[in-house]
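A short worksheet on the structure shown next.
The values are calculated or read from the model by the stated rules, or taken from the named source; none is laboratory data. None of these values were measured; they are calculated from a predicted model. Side chains are part of the model used for accessible areas, which takes the heavy atoms of the whole protein and leaves out ligands, DNA and RNA. Shrake-Rupley method; radii C 1.70, N 1.55, O 1.52, S 1.80 Å.
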Amino acid sequence: MHAPGIWGILVVAVVVLLLFGRGKISGMMGEVASGIKAFQKGMREEETKPAQLDANVNVNAASETEKSKDA
């Protein structure tokens, strides 16, 4: 197989523009970008949650230890 030439790429680009239109393509790219940003935000939140959970577990363990000493 051979790589498509410049004319083949241009024909495909024109067909895509005719089918989807300029507005739809830019709208789809905006949706893709917002999806990527939401994914990255979720990954950042997930990284901070275990640290917060560890802190909560340590606080709860300390309070349980104090309760058992008092009893």
For segment 6-22, 3J(HN,Hα) per residue [Karplus equation, 6.51 cos²θ - 1.76 cosθ + 1.60, θ = phi - 60°, Hz, x = Gly/Pro]: 4, 5, x, 5, 5, 4, 5, 4, 5, 5, 4, 5, 5, 6, 9, x, 5
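Please list Phe39, Phe20 in order of solvent-accessible area, largest first, computed with a 1.4 Å probe with all protein chains present. Provide the component values of the computation, followed by the final result.
Numbers: Phe39 135, Phe20 95 Å².
Greatest to least solvent exposure: Phe39, Phe20.
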